[in-house]
Amino acid sequence: MSDIAIEARDLTKTYTHEEFSVTALDGISLTVPNGDFVALMGPSGSGKSTLLHLVAAMDMPTTGEIRVLGSRLESMKDREVARWRNAHVGFVFQFFNLISVLTALENVELPLNLTSLRQKEKQKHAKTALNLVGLGDRMDHLPHQLSGGQQQRVAVARALVTDPDLILADEPTGNLDASSAQDVLALMQQLHREFDKTIVMVTHDSHAAQFANRTLHLEKGRLLDC
Ligand SMILES: Nc1ncnc2c1ncn2[C@@H]1O[C@H](COP(=O)(O)OP(=O)(O)OP(=O)(O)O)[C@@H](O)[C@H]1O
Ligand SMILES: [Mg+2]
């Protein structure tokens with residue numbers, strides 16, 4: 001594999017509805033090497049989530065090219081996309097997005113359901129991931145029986161259970177108190193340093209951004225030079 005994780009050229013994204021059209025990204029070119037930890041900052045509405053969704057192939061650009069982990073996303077067929085994302089990208093959301101009727105262990109096992117692993121193997125991987133985030137003693141708890149910080153750590157375990165090369169996090173600490181935020185940021189740093197994951201983390205918090213190697217600033221759909 002090349003040593004570049006993300007390469008974007010002249011990306012634009014315009015949301016068009018009947019009565020309006022919004023340009024969320026206005027010509028983004030960007031290179032992220034493998035093993036980099038990038039913080040993405042910018043005002044509300046500047047296009048941070050939109051950019052992260054394009055990198056995760058959760059949405060497609062209006063124009064431009066994007067290559068992630070060697071795959072050209074904009075030319076990928078719809079049915080390939082979900083499998084590609086599941087195998088290569090771990091995504092952490094601001095509001096955790098756990099399934100409320102499933103235990104921590106079952107939530108973490110979910111991405112493995114798209115693989116050919118046997119149930120025992122799935123469980124073993126999910127337990128390893130939960131142990132890594134420090135929740136080995138909470139595997140059978142439902143999300144509402146866990147604190148916000150613990151729920152987000154379950155979500156991080158779910159993001160890393162398939163051992164993806166790339167972890168994308170959209171304001172992972174945006175909904176947490178300072179101490180839980182610190183735990184999640186330390187975990188991100190561990191994934192980067194010990195496990196060589198490439199990480200792109202959207203944040204509004206300059207303290208959180210200090211955990212990254214470098215910070216990119218978006219404004220009105222464009223990357224600022226700094
Ligand atoms: N599905 C959509 N339909 C129409 N407009 C959208 C859609 N999603 C995002 N936008 C618009 O695109 C622009 C960028 O939105 P985006 O969510 O990427 O911003 P953001 O930087 O993540 O903001 P925040 O910090 O508030 O999360 C905004 O003007 C937003 O209103
Ligand atoms: Mg956003």
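Tabulated data for the structure shown
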{"quantity": "Index of the failed condition, Leu51 passing every other in (1) assigned to a helix (DSSP H, G or I); (2) away from ligand 1 (no atom under 16 Å from the Cβ)", "calculated": "(2)"}
{"quantity": "Candidate set: region 44-68, residues that are small (Gly, Ala, Ser) and more than 9 Å from ligand 2 (Cβ to nearest atom); chosen: the one farthest from Ser21 (Cα to Cα)", "calculated": "Ala56"}
{"quantity": "Where Phe96 falls short, out of the listed (1) more than 13 Å from ligand 1 (Cβ to nearest atom); (2) modelled with pLDDT of 95 or more; (3) more than 12 Å from Leu166 (Cβ to Cβ)", "calculated": "(2)"}
{"quantity": "Count - residues of region 171-226 that are assigned to a strand (DSSP E or B), more than 18 Å from Ser44 (Cβ to Cβ) and among the hydroxyl-bearing types (Ser, Thr, Tyr)", "calculated": "1"}
{"quantity": "Condition met for Ser71 (more than 30 Å from Arg138 (Cα to Cα), within 18 Å of the chain's Cα centre (by Cα) and within 16 Å of ligand 2 (Cβ to nearest atom))", "calculated": "no"}
{"quantity": "Looking only at region 13-48, and only at residues there that are of a type in the set (S, T, N, Q) and within 12 Å of ligand 1 (Cβ to nearest atom), the one that is surrounded by the fewest Cβ atoms within 10 Å (Cβ to Cβ)", "calculated": "Ser44"}
{"quantity": "Scan of region 110-155 for residues that are crowded, with 22+ Cβ neighbours inside 10 Å, more than 23 Å from Ala178 (Cβ to Cβ) and not aliphatic (A, V, I, L, M), ordered by number", "calculated": "Pro111"}
{"quantity": "The one condition in (1) among the hydrophobic types (A, V, I, L, M, F, W, C); (2) within 16 Å of ligand 2 (Cβ to nearest atom); (3) under 19 Å from Val92 (Cα atoms) that Ala24 fails to fulfil", "calculated": "(3)"}
{"quantity": "Cβ pairs under 6 Å, 6+ apart, first in region 19-46 and free of Cβ contacts under 8 Å to residues at least 40 places away in the same chain and in a strand (DSSP E or B), second within 13 Å of ligand 1 (Cβ to nearest atom) and β-branched (Val, Ile, Thr)", "calculated": "Ser21/Thr14"}
{"quantity": "Hey, Asp163 more than 16 Å from ligand 2 (Cβ to nearest atom) and either modelled with pLDDT of 95 or more or under 22 Å from Glu106 (Cα atoms) (or both) or not", "calculated": "yes"}
{"quantity": "Met76 within 14 Å of ligand 1 (Cβ to nearest atom) and of a type in the set (A, V, I, L, M, F, W, C)", "calculated": "no"}
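The values are calculated or read from the model by the stated rules, or taken from the named source; none is laboratory data. None of the values given here were measured: they were computed from a predicted structure. No Cβ is skipped: glycine too gets one built from the backbone with ideal geometry, and neighbour counts run over all protein chains shown.
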